[in-house]
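Any read-out appearing in this document is the output of simple, stated calculations on the displayed coordinates, not a laboratory observation. Values in this document were obtained by computation on a predicted structure and should not be read as measured data. Cβ sites come from the backbone with ideal geometry, for glycine too, and all protein chains shown count toward neighbours.
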Amino acid sequence: MSLENRTLYFGDNLQVIEEKFPDNFFDLIYLDPPFNSNRNYNVLFKEGQVDASAQIRAFEDTWEWSYPTIRLFNGLKESNDPQIAIMMQSLFEIMRDTPMMAYLVNMTARLIPLRRVLKETGSIYLHCDPTASHYLKMIMDVIFGKQNFRNELIWCYTRPSSPLRQFPRTHDVILFYTKTNRTPFYRDAIRVPYDEETIARSNRNPGEKSSMGKKGKDRLNPLGKIPESWWRIPMLQGNSTERLGYPTQKPEALLERIIKASSKEGDWVLDPFCGCGTSVAVAERLNRNWIGIDISMQSVNVIMERMRNHFPGIKINIDGIPMDYESAAALAEKDKFAFQDWAITLVGANPPSGVSKKGADRGIDGIILFREKVDYSNPKLRKIIVQVKGGGTNRGDVARLKGDLEREDAPMGILITLKDATAEMKREAALSGEYQYTQATTFPRIQLLSIREWFEGKELKLPADTVNPFKKAESKKGADIGQLEIDLE
Ligand SMILES: C[S@@+](CC[C@H](N)C(=O)[O-])C[C@H]1O[C@@H](n2cnc3c(N)ncnc32)[C@H](O)[C@@H]1O
């Protein structure tokens, strides 16, 4: 089994790691799974800028005592490794079937194969928040061995917060473990300048020998000091040029330190919860080989965009995304929701913002926003509703979309179907008439697109001025995102 550099896997990391990755392969693994703290919960479900329905489903699966979680728990409880079995049973005694226990089951089930794919000289950094880090540390001790614990890194930042009964929660925890004690640590690559105070106290400049006559031992290193285990790195602000609009995006400076400390050029880096690809973008910049996994199609799209912008001409391999009609049909059969998530991206749509289920109840699988240009002095943000049918379809689906457009006050709709549209469907769509976009331009009110047509290169007629919530230029303006939320709820 060999892996190709610059590959993004679309899918559940548990399955991808187990099915596709060889033993002892990666030099560095960084993982940043979704947390259950209120902050992130809000980001995922309420603030609703760019939520991906797959992300929310993954989040629910991870934090709920669902059937897949119970199956994983039963497997772990009967693990061949008695330590794991005892740990799982004991944790369950304390926590019972709570969301936290579900999360720990899901994390344990992933950390075990992650250890398998880590090189004997490899390092792993688990990014978590203080509501779960103490449990995860215990689990990491069992899986990686407590002798292989290296650091509990504290990433501290400031942000507006004035809680009533506690101090503000302004740090994340990153647990750093190695697989063995033979792991390199590239400390010279991450040195930072000494504080003024240290220099003043030692009474000499970095590199200079002590005037007290002591041997070079207490000499300040000319390259600077090794950073402490707490890192003050600013969170990404709204106006940061790095910011892409992905809610849980981490700063590149954080990943740069981790990657430089625990890998060298040409080493293999894995991020199994890739998000908008901060780790892989930094890995690319630092000439590491990289592999990313994410369960959300939006994430894969944002990463592709990010990489193309930062590294023009870069070739990225995508795995798990249908490349022909047969694999699209197989995806629709295997996972209806993943098929929907993929299909809406074919026309540049995003999942309905906020609570995905609400969107689904209203018959909305995806949304494209655009600025209406009938009145140039006052462009209005309007939406195109996208619906996806993976199974059989008929005229009724077009009629339903028509009704949904009226209810949602959306001027246009798109129906994406796995199977080709019937003559009745085409007629029904044509009967829905046209939408006046500008004084000179009209678009069909309802457009049909079958997956086969898409693979053959059919393009829909859409306004050029659509609003992409992930794009830097858009999110910087701020107003677009705000309107997006208002418009959709
Ligand atoms: C906290 S975000 C990662 C953010 C990332 N560090 C960045 O800087 O952009 C967690 C990501 O994990 C993904 N995810 C959640 N469950 C997953 C699973 N089972 N397999 C793969 N990805 C998953 C989510 O879609 C989300 O993009």
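Side notes on the structure shown:
- Inter-site label distance for Lys77 and Ala189 at 7 Å from Cα along Cβ, in nm: 4.3
- Segment 251-375 shape via C-alpha gyration tensor axes, a/c threshold 1.5: prolate
- Sorted by Cβ neighbour density within 10 Å, fewest at the top, the residues Trp290, Trp342: Trp342, Trp290
- Peptide ranges 275-281, 238-244 listed from the most packed, as the mean C-beta count within 10 angstrom indicates: 275-281, 238-244
- Each residue of segment 315-320 was assigned a 3J(HN,Hα) from its phi angle through the Karplus expression (A = 6.51, B = -1.76, C = 1.60, θ = phi - 60°), giving 10, 10, 8, 10, 10, x Hz with x at Gly and Pro.
- Summing charges over neighbours of Lys389, with a neighbour being any other residue whose Cβ is under 11 Å away from its Cβ, gives +1 when K and R count +1 and D and E count -1.
- Members of Lys315/Lys461; Lys119/Lys315; Lys315/Lys419; Lys20/Lys119; Lys336/Lys389; Lys225/Lys260 lying beyond 20 Å, as alpha-carbon distances in this model show: Lys315/Lys461; Lys119/Lys315; Lys315/Lys419
- Counted by Cβ distance under 13 Å from Pro22, the other residues give a net charge of -1, where Lys and Arg count +1 and Asp and Glu count -1.
- Note: segment 399-442, Cα convex hull, 87 Å³ per residue.
- Local charge for Leu31 was computed over the other residues whose Cβ lies under 10 Å away, with Lys and Arg +1 and Asp and Glu -1, and equals -1.
- Counting beta carbons within 10 Å around each of Lys334, Lys426, Lys260 and listing the fewest first gives the order Lys334, Lys426, Lys260.
- Computed Kirkwood radius, in angstrom, where 1/r is averaged over Cα pairs of segment 278-321: 10.9
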